[in-house]
Amino acid sequence: MKKLFNFRTLTMLFVIAFFGLLAAGSDDDSSSSQTSKQPGEKVTITTNTIGCFSKSDEKDVMRMLNHYDGDDTYFNQLIDEGTAINISEGTVVQIIDEAFGMLKVDTTEGAVWIPSCSVN
Amino acid sequence: MTTTKTSTNLILSGSCLFAGGSIYVIFRPLTLNMFRWFDAFGISSLINKYRESLSYVSLNDFVLYSLPDGLWITSYLFIVNTIIPSKHKKELLFWILSLPMISVLSEFMQYYNFIQGRFDIYDVVSYILPLIINLIILKYEKVI
């Protein structure tokens, strides 16, 4: 009886699946409910966060948050220096710009960059 | 197939894949699914760095939206020609035609609103052109 699937066919199915994954990744998500937030949109802060006036500072904040061990010294220092502010959970802010993983939002203390995961 | 030809095919396939992927990662809008995946993998800052370092580069619409598709199809064709021996003519033709045809079909399904997306004739050209070139080469090599 002839084999239905040989090794080549199996390999090709994996190749097709890989390219299918590429196609899925390159699909635009802008119409889904999980869409990235757009400038002009009002959003609610879902968790207390640190907003930085400088984009590069916010990148450092995000790096620090990825390895957060409960020590707030670095974040408090930024706030003391006036380069960052605390934004409380529940605050409603308006998006004015976006970057990968970050949003620039308008707050009562000025425009700051925040991690995009901290809004709804 | 000789080892040299296999290696060359794999290198060319990887290069096309990388080139097409780079256009997507560096120049396409952040609303693509892949950027959420990058975020989940924690490599958003690295991607951001590359995007910002090349933010002064402006690509035309064909390079930005259609060329990556063509490069990915080309990459796929190199892989097929590596995996399937030329003596299995029907099998080779089946796999060579499969992905480009699926892609063309999906493009026309976008045209008729069966699936989400925007029909672009340049995308269709990008899918078909590498296929035609591959078929011409196979014909020239008397494989088909």
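The values are calculated or read from the model by the stated rules, or taken from the named source; none is laboratory data. Just so we're clear, the structure is a prediction, and the values are computed from it rather than from any experiment. Quick reminder, even Gly has a Cβ in these numbers, built from the backbone with ideal geometry, and neighbours come from all protein chains shown.
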Exercise. Across segment A:71-110, which residue is farthest from A:D60 (Cα to Cα) among those that are touching a residue at least 24 places away in the same chain (Cβ under 8 Å) and within 14 Å of chain B (Cβ to nearest Cβ)?
Worked result: A:I95
Exercise. Considering only segment B:4-32, how many residues are over 17 Å from the mean Cα position of the chain (by Cα), facing chain A (nearest Cβ under 10 Å) and either surrounded by 14 or more Cβ atoms within 10 Å (Cβ to Cβ) or farther than 19 Å from B:L67 by Cβ (or both)?
Worked result: 2
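If I filter segment B:48-59 for residues that are among the aliphatic types (A, V, I, L, M) and within 12 Å of chain A (Cβ to nearest Cβ), do I get at least one hit?
Start the filter on segment B:48-59 by keeping residues that are among the aliphatic types (A, V, I, L, M), which leaves B:54, B:57, B:59.
Filter once more, keeping what is within 12 Å of chain A (Cβ to nearest Cβ): none.
No, segment B:48-59 has no match at all.
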Problem set entry | Residues located in segment A:31-85, provided they are under 14 Å from the mean Cα position of the chain (by Cα), modelled with pLDDT of 85 or more and among the hydroxyl-bearing types (S, T, Y) | A:T49
Exercise. Residues of segment B:127-144 being in contact (Cβ under 8 Å) with a residue 24 or more places away in the chain and of a type in the set (F, W, Y), which ones?
Worked result: B:Y127
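Against the definition (away from every other protein chain (no Cβ under 12 Å), in a helix (DSSP H, G or I) and either at pLDDT 85 or above or over 30 Å from B:K142 (Cβ atoms) (or both)), how does B:F62 come out, yes or no? Lay out the reasoning, then the answer.
On the way: away from every other protein chain (no Cβ under 12 Å): yes; in a helix (DSSP H, G or I): yes; either at pLDDT 85 or above or over 30 Å from B:K142 (Cβ atoms) (or both): yes.
Taking the combined requirement at face value, the residue satisfies it.
Is it the case that B:K87 is of a type in the set (K, R), assigned to a loop (DSSP other than H, G, I, E, B) and either in contact (Cβ under 8 Å) with a residue 24 or more places away in the chain or more than 9 Å from chain A (Cβ to nearest Cβ) (or both)?
Values: of a type in the set (K, R): yes; assigned to a loop (DSSP other than H, G, I, E, B): yes; either in contact (Cβ under 8 Å) with a residue 24 or more places away in the chain or more than 9 Å from chain A (Cβ to nearest Cβ) (or both): yes.
Spelling it out, B:K87 is indeed of a type in the set (K, R), assigned to a loop (DSSP other than H, G, I, E, B) and either in contact (Cβ under 8 Å) with a residue 24 or more places away in the chain or more than 9 Å from chain A (Cβ to nearest Cβ) (or both).
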